[in-house]
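Below you'll find the structure, written out as structure tokens, and then a few comments.
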Amino acid sequence: MRPFTYSRANDPASATKELAGNPNARFLAGGTNLIDLMKEDVERPSAIVDISGLRLTEIKPIAAGSAKGGLSIGGLGKNTDAANHPLIRQNYPLLTQAILAGASGQIRNMATNGGNLLQRTRCPYFYEVAMPCNKREPGSGCGALEGVNRLHAIFGASEKCVAVYPSDMAIALAALDAVVKVKNAGGQERSIPFADFHRLPGDTPERDTNLAHGELITAIDLPPNKFAGKSYYLKVRDRASYAFALISVAAGLEMDRSDGSGTKIVQARIAMGGVAHKPWRALKAEQFLAGKEATVENFKRAADAEMVDAKPLEHNKFKVELGSRSIVLALQMAMNGGKA
């Protein structure tokens with residue numbers, strides 16, 4: 001680990017100003033990803049600004065006295081607290097399931113909500129400094145493109161980068177249409193729709209998000225939804241404990257109950273992990289399901305509509321069929337209220 005200066009921020013304004021004044025400074029919250037990257041010599045900050053003491057941890061209804069207007073989650077709240085909060089368990093069980101599917105209990109106790117969104121890829125070529133990686137060293141090449149790419153992207157990749165984004169929590173937030181609240185060094189606040197928060201690699205794979213340097217995530221807002229009782233987070237991985245997803249699917253179904261049957265879909269929400277450089281919203285599958293009956297056949301046709309544009313690499317062709325099957329299973333589980 002290389003030398004760096006350390007300071008502790010007392011409030012968001014001082015934190016953002018200190019970071020904005022140094023392009024090579026980084027925020028430190030839970031540290032569950034940044035510290036690992038520093039030890040591996042992937043991240044090389046000259047200054048660390050500790051924001052772990054800032055009071056940005058509250059989980060509260062957006063509409064005073066009611067959860068019906070949505071929920072605000074503090075950016076520095078812990079993953080464990082978010083997963084176990086009664087309002088999240090009741091109104092956003094999809095988020096609880098996704099958080100609990102990620103990492104280990106010890107890491108969830110340390111990791112923050114905002115930090116979870118900012119974690120970087122687990123691509124082995126990114127972590128191995130002896131290998132070329134455009135995300136780590138722009139212009140050096142992509143080792144995974146012609147290397148071992150079993151875990152890599154099948155959607156939205158470029159010749160510059162085929163890495164995938166690792167967060168489970170973010171996949172659920174994508175399906176929930178969350179909004180990320182940020183503040184800059186001048187005190188200005190802005191809201192970023194979740195679909196616009198992370199980036200595809202394009203020609204600048206070193207940029208994971210659309211945050212400007214020095215912007216601080218203060219909260220994540222969850223809008224109200226009508227599919228809490230019919231949602232499910234499915235994670236397919238090589239082992240059952242502490243592994244990143246080969247494929248994950250966050251699914252929610254809002255049903256039409258006007259005729260009493262409740263079998264017709266008003267709208268579907270589907271997001272995928274393990275397939276792209278950012279949480280991948282399965283918009284073609286969603287569009288197909290709108291107004292359709294919630295049948296296995298329609299789930300399969302929706303999955304096929306989404307996966308037809310997949311562009312697998314040499315070693316991850318299996319992800320196309322696995323992705324299709326995972327969408328179908330996640331939708332079935334969602335329709336059954338999380339029961340097989």
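Show me, for segment 126-136, the HN-Hα J-couplings you get by feeding each phi into the Karplus relation (A = 6.51, B = -1.76, C = 1.60, θ = phi - 60°), rounded to Hz, glycine and proline as x.
5, 7, 8, 5, 7, 9, x, 7, 5, 6, 7
For segment 178-192, what does the Karplus curve 6.51 cos²θ - 1.76 cosθ + 1.60, with θ = phi - 60°, yield as ³J(HN,Hα) per residue in whole Hz, taken in order and with x for Gly and Pro?
Values, residue by residue: 5, 10, 9, 9, 10, 9, 9, 5, x, x, 6, 10, 8, 10, 10 Hz.
Please work out the C-alpha center-to-center distance from segment 177-256 to segment 74-110 and express it in whole Å.
Distance between centres, Cα-based: 14 Å.
Mind telling me which of 190, 150, 257 comes out most flexible in a GNM of the chain, alpha-carbon contacts under 10 Å?
Of 190, 150, 257, the Gaussian network model singles out 257 as fluctuating most.
Give me the 1.4 Å probe accessible area per residue for the chain, excluding ligands and nucleic acids, in Å².
Working: 15190 Å² over 340 residues.
Value for the chain: 45 Å² per residue.
Within 10 Å, count the other beta carbons around each residue, average over each peptide in 213-221, 270-278, and list them highest first.
On the way: 213-221: 22.7, 270-278: 28.3.
Ranked from most to least packed, the peptides come out as 270-278, 213-221.
Computed over the Cα atoms, what is the radius of gyration of segment 240-340 divided by 2.2 N^0.38 Å, N being its residue count? Before the final figure, lay out each step's value.
Working: Rg = 13.9 Å, N = 101, 2.2 N^0.38 = 12.7 Å.
The value comes to 1.09.
Only helices at least 24 Å long along their own axis, judged from Cα atoms, and with Kyte-Doolittle mean hydropathy of 0.0 or greater: name those in the chain from DSSP H. Each step should come with its number before you reach the end.
Working: long enough: 318-335 (26 Å, 0.95).
Qualifying helices, which must be both long enough and hydrophobic enough, are 318-335.
Let me check something: with ligands and nucleic acids excluded, how do 158, 248 order by accessible area (1.4 Å probe), largest to smallest? Please report the intermediate quantities before stating the final value.
Details: 158 30, 248 0 Å².
Ranked from most to least accessible, the order is 158, 248.
How high is the FRET efficiency from residue 2 to residue 295, r the C-beta distance, R0 56 Å, rounded to 0.05? Walk me through the intermediate numbers first.
On the way: r = 57 Å, r/R0 = 1.02.
Efficiency, from the Cβ-Cβ distance: 0.45.
Considering amide H positions built from the backbone, and no H for Pro or chain starts, which residues 5 or more places from residue 218, or on another chain, come under 5 Å of its amide H?
Under 5 Å from the amide H of residue 218 lie the amide H atoms of 181, 182, 183, each far enough along the sequence or on another chain.
Let me spell out the model: positive unit charges on the Cβ of Lys and Arg, negative unit charges on the Cβ of Asp and Glu, origin at the Cα centre of the chain. What dipole size does that give, in debye rounded to 20?
It works out to roughly 560 debye.
Which loop trypsin sites (Lys or Arg not before Pro) in segment 2-93, with loop taken from DSSP, have no more than 16 other Cβ atoms within 10 angstrom of their Cβ? Walk me through the numbers on the way to the answer.
Numbers: sites: 8, 17, 26, 39, 55, 68, 78, 89; in loops: 55.
Here the sparse-neighbourhood loop sites are 55.
Taking all protein chains as present, what is the carbon and sulfur share of the accessible area of the chain, in % to the nearest whole number, probe 1.4 Å?
Values: 7840 of 15190 Å².
Within the chain, the accessible surface is 52 percent carbon and sulfur.
If the viscosity is 1.306 mPa s and the temperature 10 °C, what translational diffusion coefficient in µm²/s does Stokes-Einstein give for the chain when Rh comes from Kirkwood over Cα pairs? Don't skip to the answer; put the middle values down first.
Details: Rh = 20.5 Å.
Once the numbers are plugged in, D ends up at 77 µm²/s.
Divide, for segment 5-53, the radius of gyration over alpha carbons by 2.2 N^0.38 Å, where N is the residue count.
1.08
Enumerate the amide H contacts of residue 50 below 5 Å, restricted to partners 5 or more residues apart or on another chain; note that Pro and chain-start residues carry no placed amide H.
For residue 50, whose amide H was placed from the backbone, the distant partners under 5 Å are 7, 8, 9, 28.
When the dipole is taken about the Cα centre of segment 5-53, and only Lys, Arg (+1) and Asp, Glu (-1) are charged at their Cβ, what size is it in debye, to the nearest 20? Provide the component values of the computation, followed by the final result.
On the way: 5 positive and 7 negative charges, 25 e Å.
Once rounded to the nearest 20, the dipole reads 120 debye.
Using only Cα positions of segment 59-162, each an equal point scatterer, no hydration layer, compute I(q)/I(0) via Debye at q = 0.12, 0.19, 0.24 Å⁻¹ and quote the log10 values to two decimals.
Values, matching the q order: -0.59, -0.92, -1.15.
If you place +1 on the Cβ of every Lys and Arg and -1 on the Cβ of every Asp and Glu, how big does the dipole about the Cα centre of segment 22-144 come out, in debye to the nearest 20?
Working: 13 positive and 9 negative charges, 77 e Å.
For segment 22-144, the charge dipole is close to 380 debye.
Counting each pair of different Cα atoms once, what's the Kirkwood radius of segment 1-143 in Å, rounded to one decimal?
On the way: mean 1/r = 0.0591 Å⁻¹.
Hydrodynamic radius (Kirkwood, Cα pairs) of segment 1-143 is 16.9 Å.
The values are calculated or read from the model by the stated rules, or taken from the named source; none is laboratory data. Since we're looking at a predicted model, the values are computed, not measured. Please note: Cβ atoms are built from the backbone with ideal geometry, for glycine as well, and neighbour counts cover all protein chains shown. Protein only, heavy atoms only, side chains kept; ligands, DNA and RNA dropped before computing areas. Shrake-Rupley method; radii C 1.70, N 1.55, O 1.52, S 1.80 Å.
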